[in-house]
Amino acid sequence: MSRLILPAVGGDPVLEKDYDLTLGDDDVRVAIDAAPINPADQLFMLGWFGVYPKVPNQLGAEGTGRVVAAGSQADRSLVGRRVIVLPTFVHGTWASEVVVPAAKVVAVPDADPIQLAMLAVNPATAYALLHDYVTLRPGDWVGLTVANSGVGQNLIALAKRAGLKVLAVVRSESAAARVHADIVLVDGDDLAARIGETKLRVIYDGGAPDLSKLLPALENGGTVVSFSAVTGESQTIPYPDLFYRDVRQRGFYIIRWVEQTPRAELVRVYTELASLVADGTLKVDVEATYPLSAYREALQDAGKDGRTGKVLFTPQA
């Protein structure tokens, strides 16, 4: 048995072996098959995320595996089933096995464990963005920045399935080649001119370098939903758009969504998303997989510029 822990905020992770896996009454023990490295994990280790580490802290926000044991008060029908571990930043998934409350896992249909490991954060974010902010109808246009991200890939797939049209903005030609939206544009000073007459109902922003270049395409009274800040830039709505056009800005935070969504709705959403993984509708590019013992190489790979897919740990491989 092994797992990665954070011994100090901003410090290097440490590989811990033979740790305590005692089950509480309401817990399950999960043998992890795959767990991705997300930007949020790296921010968490630096102390820059919405949840602050309580060191020593387990690492890994999400993952998938099979339940191998259940506590006396937990649902014993989960034993042997594939589950996803919901993000809490308390019960780390970068481990060969993890003990978590049964309420923090969701049983899902069997499918590719690599893809299912990435289900709890990015596909759920994409689903919530499309359903929880603006009422959208087939034929509506939505805008999406940082469209080559994991959230972007999932949002484009879900939008197409719903009959929506996506105007996607990326930061490089190489990224544009990997995005399959209705319109794909590389960011630049003339972005507004290249958008033309397209009118957007909503903009989903992953951290555009300058959001104001996309705002002219947003309808009056439209909404910007920020779900990430990959560029590190704080986005604000310019006063003319705010005052004269009633443009609104909201934010999405996956931890809050998981905490506030009723359990029955979480199960419904994740079951639906897992079925879309199983039939190939949802699929995220993967750069590489690593055993836990190669965590330094994995973290370096996950943090490099120009990466074209996700990096994951596969503890059981």
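For region 118-146, which residues satisfy the criterion of being at pLDDT 95 or above and within 19 Å of Ile37 (Cα to Cα)?
Met118, Leu119, Ala120, Val121, Asn122, Pro123, Ala124, Thr125, Ala126
So, of the residues in region 92-140 that are among the hydroxyl-bearing types (Ser, Thr, Tyr) and touching a helix residue (DSSP H, G or I) at 6+ places or on another chain (Cβ under 9 Å), which turns out to be nearest to Ala61 (Cα to Cα)?
Restricting to residues being among the hydroxyl-bearing types (Ser, Thr, Tyr) and touching a helix residue (DSSP H, G or I) at 6+ places or on another chain (Cβ under 9 Å), the top hit is Thr93.
Starting from region 176-194, take each residue that is assigned by TED's automatic domain parsing to the domain that holds Thr308 and list its partners that are modelled with pLDDT of 95 or more and not in a strand (DSSP E or B), counting only C-beta distances under 9 angstrom and pairs at least six apart or across chains.
Going by the 9 Å Cβ cut-off, there are no qualifying pairs.
Considering only region 1-22, state which residues are out of contact with any Asp or Glu (no Cβ under 9 Å at 6 or more places or on another chain) and either part of a strand (DSSP E or B) or not assigned by TED's automatic domain parsing to the domain that holds Ala35 (or both).
Result: Val14, Leu15, Glu16, Lys17.
Kindly indicate which of Asp20, Asp41, Asp26, Asp12 is in contact with a strand residue (DSSP E or B) (Cβ under 8 Å, 6 or more places away or on another chain) and not β-branched (Val, Ile, Thr).
Asp26
Among the residues of region 240-255, are any under 21 Å from Asp305 (Cα atoms) and small (Gly, Ala, Ser)?
no
Filter region 220-241 down to the residues that are crowded, with 16+ Cβ neighbours inside 10 Å, in a loop (DSSP other than H, G, I, E, B) and without any contact (Cβ under 8 Å) to a residue 60 or more places away in the chain and list them by number.
Answer for region 220-241, where residues must be crowded, with 16+ Cβ neighbours inside 10 Å, in a loop (DSSP other than H, G, I, E, B) and without any contact (Cβ under 8 Å) to a residue 60 or more places away in the chain: Ala229, Gln235, Ile237.
Filter region 45-60 down to the residues that are in contact with a strand residue (DSSP E or B) (Cβ under 8 Å, 6 or more places away or on another chain) and either within 25 Å of Lys283 (Cα to Cα) or surrounded by 17 or more Cβ atoms within 10 Å (Cβ to Cβ) (or both) and list them by number.
Met45, Pro53, Asn57, Gln58, Leu59, Gly60, listed by residue number.
Within region 64-81, is even one residue touching a strand residue (DSSP E or B) at 6+ places or on another chain (Cβ under 6 Å), in contact (Cβ under 8 Å) with a residue 24 or more places away in the chain and closer than 17 Å to Ile5 by Cβ?
no
What single numbered condition from (1) out of contact with any strand residue (DSSP E or B) (no Cβ under 9 Å at 6 or more places or on another chain); (2) outside the structural domain of Ala34 (by TED's automatic domain parsing); (3) not aromatic (Phe, Trp, Tyr) fails to hold for Pro87?
(2)
Scan region 40-93 residue by residue and report those that are of a type in the set (Val, Ile, Thr) and over 15 Å from the mean Cα position of the chain (by Cα).
Val51, Val55, Val67, Val68, Val79, Val83, Val90 - these are the residues of region 40-93 that are of a type in the set (Val, Ile, Thr) and over 15 Å from the mean Cα position of the chain (by Cα).
Looking at the structure I just gave you, is Val151 touching a Leu at 6+ places or on another chain (Cβ under 9 Å), of a type in the set (A, V, I, L, M) and part of a helix (DSSP H, G or I)?
Yes: the conditions hold for Val151.
Counting residues that are surrounded by 12 or more Cβ atoms within 10 Å (Cβ to Cβ) and of a type in the set (Val, Ile, Thr), which helices (runs of 4 or more DSSP H) fully inside region 242-303 reach at least 2?
Once the helices (runs of 4 or more DSSP H) in region 242-303 are filtered for at least 2 residues that are surrounded by 12 or more Cβ atoms within 10 Å (Cβ to Cβ) and of a type in the set (Val, Ile, Thr), what remains is 254-260, 263-278.
Quick check on Gly251: is it of a type in the set (Gly, Ala, Ser), farther than 19 Å from Asp140 by Cα and in contact with a strand residue (DSSP E or B) (Cβ under 6 Å, 6 or more places away or on another chain)?
So Gly251 fits the description; yes.
How about region 304-317: which of its residues are surrounded by 12 or more Cβ atoms within 10 Å (Cβ to Cβ) and within 26 Å of Pro109 (Cβ to Cβ)?
Gly309, Lys310, Val311, Leu312, Phe313, Thr314, Pro315, Gln316
Residue-by-condition table, conditions (1) in the same structural domain as Pro109 (by TED's automatic domain parsing); (2) polar (S, T, N, Q); (3) out of contact with any strand residue (DSSP E or B) (no Cβ under 7 Å at 6 or more places or on another chain); (4) closer than 21 Å to Leu144 by Cβ:
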position: Val225; (1), (2), (3), (4): no, no, no, yes
position: Ser234; (1), (2), (3), (4): no, yes, yes, yes
position: Arg268; (1), (2), (3), (4): yes, no, yes, no
position: Asp279; (1), (2), (3), (4): yes, no, yes, no
position: Val284; (1), (2), (3), (4): yes, no, no, yes
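The values are calculated or read from the model by the stated rules, or taken from the named source; none is laboratory data. Since this is a predicted model, take the numbers as computed values, not measurements. No Cβ is skipped: glycine too gets one built from the backbone with ideal geometry, and neighbour counts run over all protein chains shown.
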